[in-house]
Amino acid sequence: MRATSPAEPEALSQLVRSGLATWVRAMVAGAAAELASAALRTAVAGDRSHTATALQLLQERRELVVERLAQAIARQLDMATPGRPTARVPTDEAGEIRLTLIDEAQIDEDIEIARIVQAVEAEAQGELRQLAALASGLQGLPGIDFTALPLRPLACASGLRAGLVDLAPEPGMRLLLLGQLGTAMGIELRRVARELSNTLLSWGVQPAQSQYRAKHTSAPAAPATAAARNRRRTDRALATEPEPDASAALWRLVERARQTLAAEAPLAAAAPEAAPEEGLTLRLFADPLPAERARPALEPAAAVELMERLFAQIDQHLDQHLVGTTPSARSLLNGLYAPGRALAAQESQLWTSLDHPWWTLLDRLIAMGSVHDEAAPAAGAVTQSLGLVMERLRQAPAPSRASLQTAADEVQQLATRAMAERTSTLAGQLGDIQGQADRDEVEVELRQQIVQQLRSTPVCPGLRQFLIGPWTQAMTTVTLRQGLHCEAMGGLALVVDDLIRATARPGQRVSRAQRAVLMRQVSEGLAHAGLPPARQQAELAEVLALLENPPPVQEERWEDAVDSGPAPLVLELQAGLPTVPVAMGAGIDTTLEVAGHKPWLDELAPGAYCRLFLQSRWMTAQLSWVSETHNLYLFSSRHGGRTHSLTRRMLGKLRAAGLATSIDDGALLAQAMDTLADTGFSVP
C-alpha cells in the first residue's frame, strides 16, 4: 500500500479507496474458509440450515460478492463524512409518513453490527489508535480524533450489511454472513491499518498527541437529590464508565477558568463573534450546587470568554458524536449566542448553579431541536412559534431571570404540543401496529414453549423447522382469535406431540391411517396461519415426506458459548453515553431477564429522550407514545423513517446489548464541561 502522493488528507482517502477491493477479497476468503471448517459446522447448530448456502455464495460467486461489498463499504465511508444529508423519509403517494413496526430481523442485525464494531475495535485497537493519531496529524488537528479514521469500523460494518441485502435476502442467512464476514473484517482491518500507518510515516506525517485529562482533586462531587440518585442507580450500575455529574463539572470548569483566564482581559463587544456552525442536542437539567459551595463570581471579561468557549466546546463535542440539529434549530441556538455573552457579563450567579433559567431555556430548546422534524406537516408552525419566542428574548434590553424563565416555559409548551401533534397524525395507524405487536409477542412466547419441549425431545431438522415456523404462526392466529385455552388451541398443541411421536423412529414409515389423520390435522391448522396457498401446499408436502420416511433425529445445540472476556476500549460505538456493554459471541443473551433493563423499560414515559442504535447508526429519539400494556413504544427522531415503533421485547434486546439508553439530565453537558476544563484552556 505504498504511495508517492503528497501528505494531504485527499491522498490518504484515495489510498484507502484504491486498496478497498484487495482487503475485501481477503475478508471474503477468510469468511469462506471459516464456514468450510468442520468445527464451525458443529458449533453453529442453529445456523446449520444456512451454512451450506452461505458457503456456496462465498465460493462460487466470490467476485460478485467482493464487488458488491466493496461498493457498499465505499458508500458508507463517504456517508460517514461530515455534511452528508440524512436519509430520505419514506412516504406513500399522499405524502403521509408510514408507521411500520421494526421487525426482529432488523434488530438482530443492528445488534450484530454493534458486536462486529466492538470485535473489530478489540482486534485492531492499537493499530486503529495509531492510524487515528496519524490521520489527525495529517489534518492538522490539535489532538487525536477518532472521527478522522479513514476506515471507521462502524462504516465498514454498515457497508457489509448494505452489500448483503441483495446477495442474501433471507434474514437468517444474512445474519450468519454478517457474523462471519465481520470476524474476518477485524483481522483485515488490523493489517490494513498497520500498512496505512506505515505509509503515512513514510510521507513524513507526525502523529497528533493524546490530550491527557488533568487530575483535579480539590473539587468534591456535588451531592444529588434523592430523586436523581434513584433515577440513575440502575443505569450507573450497568454503565461502561461513571456517569458525569453536571454540577461537579460546572464547579471544576469555573475553578479552571478562574485560574486560567485573565481577569483584566478586555471585555468583548456586544455583537456576537462567529457563532457555532452546528447546533446542540442535549439536555442540561441538573441538581444545583448547594449554597455553601458558592464561590466568588468570575470577572465579566473572563465570564464572557468562558461562555464563548463553552458554546464552541459543546458544539465540537456533540459534532464528534454524530449529533446535530435541523437548520432552523441551529439558527435559534445561534441566536442565543449574543444573549448568552451578555448574560455572562451581567449575571454573577450564572456560574454558581445549573438551576439558573438560562440553562433551563438552553436545555429545552436544544432537546426539542434534537428531534424536531422540519419535514412534518406542523413543523412550520412550531418553528415559527419558536422564532417568536427567541425574538422577544433578543429584543429585551437585557435577559432577566423572569424573561428567561418565561421563554423556557413557552419552549416546553411548544415541545409538548409538537409531540402530541406527531402522535395524533399517526393515531389512525396505531391500532394496526398495536395488533401486530401483540401478535409478535404471542408468537415469540409460543415459539419459546415449543423450543423448551424440543430441548428435551430431539427431533429431525425438518420437523423442528416446521414446528417453530408455520405451525407456531397457526397457533398464534388461533390464540389471538379465540384465546390461549380454547379448544382449537388444545388441538393444535396435541398435533405437536403426535408429530414428534410419529417421527421418533427413523426409517419406519408411519401407517397409512395415521398419516391420513395427521395430514388432515396439519392441513386444517395451516389454514389458520394465513400462509399463501402455494406455501401451504409446500409445507404439507414436506410434512408428508417426513411421515413417509422419518429421518434421523438430531441433537440441537440451542445455546452457544458467550465470550465473557473484558470489554475493549470502544472508540466510537457507544457515542459517549454510558450503556450496557455489548455482549460478545454468537449466543448473546437478550431476554428480558438480563439484569437491570426491565425496570428501565417500565420507567420509560412519553417525553423521555433516548439514544438508540437503529439502522446501523446512533440516533437521538424522543419517546412519543407508550401503549397501556407497555409492550409497544413509539419513538420520534430526525433519522431514517423518523418514526420508530418497537415492541417491548425488541427494545429490551437493544437495551440488553447496550444499544439503548436514556439521555440523563446534564450527561452530555458534563462531558463537554469536563473536556473544556481539561484541555480547552491551553494556548494554541
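The values are calculated or read from the model by the stated rules, or taken from the named source; none is laboratory data. Everything numeric here is computed off the predicted structure, so don't read it as measured data. Neighbour counts are summed over all protein chains in view; Cβ atoms, including those assigned to glycine, are modelled from backbone coordinates with ideal geometry. For accessibility, only protein heavy atoms count, side chains too; no ligands or nucleic acids. Shrake-Rupley method; radii C 1.70, N 1.55, O 1.52, S 1.80 Å.
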How much length, in nm to one decimal, is gained on full extension between Ala541 and Arg62, taken as 0.36 nm per residue of separation minus their Cα-Cα distance? 169.0 nm
Obtain the radius of gyration and the Kirkwood radius of the range 393-503 from its C-alpha atoms and give Rg over Rh. 1.45
Would you mind putting 487-494, 413-420, 507-514, 119-126 in packing order, based on average other-beta-carbon counts within 10 Å, highest first? 119-126, 413-420, 487-494, 507-514
By per-residue mean of other Cβ atoms within 10 Å, what is the highest-first order of 300-313, 603-616? 300-313, 603-616
Using a 1.4 angstrom probe with every protein chain in place, what is the largest-first accessible-area order of Lys653, Lys598? Lys598, Lys653
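How large is the charge dipole for the range 381-491, taken about the Cα centre, if only the Cβ atoms of Lys, Arg (+1) and Asp, Glu (-1) carry charge, to the nearest 20 debye?
The dipole magnitude comes to about 260 debye.
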If I stretch the segment between Arg191 and Arg509 completely, what's the gain in nm (0.36 nm per residue apart, minus their alpha carbon distance), one decimal? 108.9 nm
With R₀ set to 30 angstrom, the calculated FRET efficiency between the beta-carbons of Gln405 and Ala381, to the nearest 0.05, is 0.80
Along the dipole axis of the range 102-166 (charges at Cβ: +1 for Lys and Arg, -1 for Asp and Glu; origin at the Cα centre), the most positive-end residue among Ser136, Ala157, Ile111 is Ser136
Report the FRET efficiency, 1/(1 + (r/R0)^6), for Val444 and Thr679, where r is their Cβ-Cβ distance and R0 is 41 Å, rounded to 0.05. 0.30
